[in-house]
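The next block holds one structure in the form of structure tokens; read it before the comments.
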Amino acid sequence: MKILICGKGGCGKSTITAMLGKYLANRGYRVLIVDADESNPGLYRMLGLSKTKTLAEYLGGKKQVKAILNNPELPKTFEEIPEEILSKRENLSVMSIGKIEEPGEGCACPYGALAKKFLKSLQPKKEEIVLVDTEAGIEHFGRGIDLEVDVIVNVAEPNLESIELSKKIEGLAEKADLKHVFVLNKALPEVLDKINVKPDVVIPFNQKFIYDSLDGKEVEVLPQIEELWEIIKYRNS
Ligand SMILES: Nc1ncnc2c1ncn2[C@@H]1O[C@H](COP(=O)(O)OP(=O)(O)OP(=O)(O)O)[C@@H](O)[C@H]1O
């Protein structure tokens, strides 16, 4: 199964991706986390893993990626993914599509196109799960990355802008006939009375995440992730 995690900037996409990845790996699934956010540095830290070469670097850099996109030979199975782009712990792996590193290096579109082709090519087996952590906003819908996954996890935090964006994501997912799960993250007591949407899963505000982030520690899996996984499975059945 391929699952994409999206939402407004800072709503907790990487935190939820990391928690879900760790939870599923502990349950015995083979998990591949694909970092498709061209600017996000936090995901590897949250998993307690170190960074590796990106897929774009492995292919020879951005210029090379543009050429390869016309005729890509990309992995179809987990086994075909080059070891040097994977950071691993037991049955949990993480890889990155490509990062913006230099001022004036141009837009991230080639990385978006590469992410789409990579996800289209990769066909996970029954006990294999691919989790895609996207960049903030809805650019990935425009790029068609969402069309390559089975379920979308739409994350919002309790502020008007984040909830409005999640409603837009819900509308786009419905238009494209995509299965989706709505998660309200960083929820504070009584916040549900103040918002006009009903989340599938509510993840509470957890002060420990702030300290863990400052201390460079990996995230601990909250109990609500089990509920999230049950709903994902149900929506995908
Ligand atoms: N449930 C939570 N309670 C408290 N803090 C949280 C919670 N979830 C995430 N955070 C914190 O919010 C911040 C942003 O989280 P995260 O990096 O996961 O968001 P993101 O949506 O991936 O961000 P970006 O859009 O920059 O990629 C981090 O400091 C993280 O520790």
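Values quoted throughout were computed directly from the atomic coordinates according to the rules given, and no laboratory measurement underlies them. Just so we're clear, the structure is a prediction, and the values are computed from it rather than from any experiment. Cβ coordinates were reconstructed from backbone atoms using ideal geometry, including for glycine residues, and neighbour counts include every protein chain displayed.
Using only helices, what value at 222 nm comes out for the chain when you add -39,500 (n - 2.57) per DSSP H run of length 4 or more and divide by the total residues, to the nearest 500 deg cm²/dmol? Please report the intermediate quantities before stating the final value.
Values: 9 runs with 85 residues, N = 237.
Mean residue ellipticity, 222 nm, calculated: -10500 deg cm²/dmol.
Which order do the peptides 206-219, 128-141 take when ranked by the mean count of other beta-carbon atoms within 10 Å per residue, highest first?
128-141, 206-219
Can you tell me the relative contact order of the chain? Whole percent, Cα pairs under 8 Å, sequence separation 6 or more.
Reported relative contact order: 30 percent.
Output the 0 to 90 degree angle, nearest 10, between the alpha-carbon long axis of helix 224-236 and the longest principal axis computed from the alpha carbons of the chain.
That works out to roughly 70 degrees.
Need one word for the stretch 38-91: rounded, prolate or oblate. Basis is the Cα gyration tensor (sqrt eigenvalues a ≥ b ≥ c); a/c below 1.5 gives rounded, then a/b vs b/c decides. The partial results should precede the final answer.
On the way: a/c = 2.82, a/b = 1.49, b/c = 1.90.
Cα axes put the stretch 38-91 in the oblate bin.
Which of the peptides 56-66, 187-197, 227-237 is most tightly packed, and how do the rest follow, judged by the mean count of other Cβ atoms within 10 Å per residue?
Details: 56-66: 16.9, 187-197: 11.5, 227-237: 14.9.
Final packing ranking: 56-66, 227-237, 187-197.
If I model a spin label at LEU74 and LYS198 as a point 7 Å from the Cα along the Cα→Cβ vector, what separation in nanometres do I get?
So the two model labels end up 3.8 nm from each other.
Given the pairs LYS168/LYS233; LYS76/LYS120; LYS2/LYS208, which span a C-alpha to C-alpha distance of over 18 angstrom in this model?
Too far apart for the 18 Å limit: LYS168/LYS233; LYS2/LYS208.
May I ask you to compute the full-extension gain from GLN207 to LYS120, defined as 0.36 nm times their residue separation minus their alpha-carbon distance, rounded to one decimal in nm?
So the chain would gain 27.6 nm between GLN207 and LYS120.
Expressed as a whole number of Å, what is the distance separating the alpha-carbon centroids of the stretch 158-231 and the stretch 31-64?
Going from one Cα centre to the other spans 24 Å.
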